[in-house]
1. Return the lysines within reach of residue 88: Cα separation strictly under 25 angstrom, same-chain partners fewer than 8 residues apart disregarded; answer none if there are no such residues.
2. Once the Cβ-Cβ distance between residue 60 and residue 141 is put in as r, and R0 is 35 Å, what FRET efficiency do you end up with, to the nearest 0.05?
3. By how many nm would the segment from residue 90 to residue 155 lengthen if fully extended, with 0.36 nm per residue of separation less the alpha-carbon distance?
4. Mean 1/r over all different Cα pairs, inverted: what Kirkwood radius does region 49-165 give, in Å?
5. If amide H atoms are built 1.01 Å from N in the plane of the peptide, which residues on other chains or at least 5 residues away come under 5 Å of the amide H of residue 114?
6. Have a look at the DSSP beta bridges in region 49-165 and tell me what percent are antiparallel, nearest 5.
7. Figure the gain on full extension for residue 50 and residue 13 (residue separation times 0.36 nm, minus the Cα-Cα span) and round it to one decimal in nm.
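No lab work stands behind these numbers, since they all come straight from the coordinates. What you see is a predicted model, and the numbers here were worked out from it, not measured in a lab. Don't worry about glycine lacking a Cβ; one is built from the backbone with ideal geometry, like all the others, and counts go over all protein chains shown.
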Amino acid sequence: MNNNQKFIIAGIAFIGLLILILVDAYIVFPIQPPYSPTGGGTTNLEPNKEITIYAGRTPDGKFGFGLSPDNITSPGPTLKFKVGDIVKINFVNVGKIPHAFAIVQDVSENPVILFNSAIGSSTNPIPANGKASVVVKFDRAGEFKYMCTVPGHAQAGMWGVIEISG
Ligand SMILES: [Cu+2]
């Protein structure tokens, strides 16, 4: 074995060791998935209304939403706004597991998210005790739903009605 070959083998061993250390470090200190503190909404709009919605469990153990942390219901409260409202929606996860939020056409496992309203997502939800906000502009009237987009949660009761009047 000449010096060149030794050098190459040492290099490969070093890279292997480095990968091992990085993988171990990732297992010991997993990088928290980043979530956008402002959700996916339009942030250059100045909101003229603001609500805070709490996600967690109802007293009887269902998943739900509430306008206060001690009044979580399933389904959640009906939210009412007008066309033209620019609403800052604050989301607070008071539950013990990750949750998320979106206004949707219909509650389903593959929902169509409206008004760019997602706060967190199925793959990147808001962790327990986490908070995030989105600013949405309601540009059309209708009766829509809001839901937790973590798979199974809406089906377990984590949804509500949102009415936009013209
Ligand atoms: Cu949820």
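1. Within the straight-line cut-off, residue 88 pairs with 49, 80, 96, 131, 137, 145.
2. My answer for the efficiency is 0.55.
3. The residue 90-residue 155 span can extend by a further 21.1 nm.
4. Averaging 1/r across every pair of different Cα atoms and inverting gives 13.6 Å.
5. Under 5 Å from the amide H of residue 114: 103, 104, 105.
6. Antiparallel bridges make up about 70 percent of those DSSP assigns within region 49-165.
7. Result: 7.6 nm gained on full extension.
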